[in-house]
Structure formats: structure tokens, C-alpha cells
Amino acid sequence: MLAEPARDAGPARDVVRDWSADDAVTALFSAHYRGLVRLAVLLLHDEPAAEDVVQDAYVGLHRRWWRLRDADKALGYLRTSVVNGARSALRRRGVADRFVAARRPDDEPTVASAESGALALLRHREVLEAVRRLPARQREAIVLRYYGELSEAEIADAMGVSKGSVKSHASRGMAALRESLEQAP
């Protein structure tokens, strides 16, 4: 295990600037891996795929560490990479699902997915299912705001949109959640 460089009295993230890529990614991994995986799971509803997305984000950060202008923004870079990776994974999943659906005869029964079994184990099943039904951008805004506890500016950076779009997506998502949960038995 790599030894951590000495920390000064300032915030820990200020010290990251002087670290090598190995040291910085190791410190960020130990501090934020679980939270980023939870974020990806909420976006993808598939833990193994979420772990892959997060791992790819860390590999990308390590590969581009020397190009990072502001080391304090490394966590933001990781969040953005995870959100973009989740989007890509969902797009690939959609293409694969459409391909399989086109090849499957209509009379063939479908099997419940593994993600539905995993969600059934969660305490807040109804809320999670309502969040899952939201359009992708609304779901991302809701998850980043209420789960990730990010500010509107951080959410805008992670999603690659303006702060106004974040407000709009979050507002529409909350209205849809409210309506969906009020209609639930």
C-alpha cells in the first residue's frame, strides 16, 4: 500500500495537488469508491455494471491525471465520468434489448431481470421504482441532488448542462415522483 504524503492543516483535497497519479487515485478511491458505486447503481439498477463504470472512471482519471488543471476538481471529474459512463451503459443496454426483442418470438415468455430482484430487497422499493421510471435526465438530477447531496452547480457540471436545466429536470422529476407515489396503493 502506498504511503500517504504528509497532510497540512488545510483541507485534505489541497494536498492532492502534490501527489502522483497513483497516490491521488488511491486516496480518492478509498474515500469515494462506495459512494460513486451507489450513485451508478441508482442510475443503472445493476451493481456489476455500476462497479465497471466506476472502475473505468478511476482508470480514466489515473490515465489523465497529468492533464488535470485543478486537482481539487478530481472528484467532480469522477462524478461526471460515472454519470457519462452510466448513460453509455444504458444506451448499450437499450440497443441490446431492442436487438434481442426483435429476434425473440412474441409467444416466448420473458424472464424477470436480476435488477428487479435486487430492487425488491430495498426498503424503499416504491420510491426507487418511481425514480427508475423517470426519464434519464430527471433521474440523474434527482439522484445527484438528493442522494449525492450536490449543489446545482456541481450537478450541472456532472450532467454537462446549465444550472437552469438542472432546476427544470429536478422540478419535473419531483412532480412526476409525487404523482406516481400518490397513485400507488
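The values are calculated or read from the model by the stated rules, or taken from the named source; none is laboratory data. Given the structure is predicted, the values throughout are model-derived calculations rather than measurements. Quick reminder, even Gly has a Cβ in these numbers, built from the backbone with ideal geometry, and neighbours come from all protein chains shown. When the accessible area is computed, the model is the full protein with side chains, heavy atoms only, and any ligands, DNA or RNA have been set aside. Shrake-Rupley method; radii C 1.70, N 1.55, O 1.52, S 1.80 Å.
Restricting to the range 139-185, name every residue that is among the small types (G, A, S), farther than 21 Å from L36 by Cα and open to solvent by 10 Å² or more (accessible area, probe 1.4 Å). Of everything in the range 139-185, those that are among the small types (G, A, S), farther than 21 Å from L36 by Cα and open to solvent by 10 Å² or more (accessible area, probe 1.4 Å) turn out to be S162, G164, S165, S168, S171, A175, A176, S180, A184.
Summed over the range 156-185, the residues that are within 23 Å of L75 (Cβ to Cβ), out of contact with any Lys or Arg (no Cβ under 6 Å at 6 or more places or on another chain) and part of a helix (DSSP H, G or I) give a count of 6. Filtered by the rule that a residue be open to solvent by 70 Å² or more (accessible area, probe 1.4 Å) and assigned to a helix (DSSP H, G or I), the range 52-74 gives D52, Q55, D56, V59, H62, R63, W66, R67, K73. Scan the range 107-138 for residues that are outside any helix (DSSP H, G or I) and either surrounded by 13 or more Cβ atoms within 10 Å (Cβ to Cβ) or modelled with pLDDT of 60 or more (or both) and jot them down. Passing the criteria: T110, V111, A112, S113, H124, L134, P135.
Condition check ((1) touching a Ser or Thr at 6+ places or on another chain (Cβ under 6 Å); (2) of a type in the set (F, W, Y); (3) farther than 30 Å from V127 by Cα; (4) without any contact (Cβ under 8 Å) to a residue 24 or more places away in the chain) across all residues:
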position: D22; (1), (2), (3), (4): no, no, yes, no
position: R38; (1), (2), (3), (4): no, no, no, no
position: W65; (1), (2), (3), (4): no, yes, yes, no
position: D72; (1), (2), (3), (4): no, no, yes, no
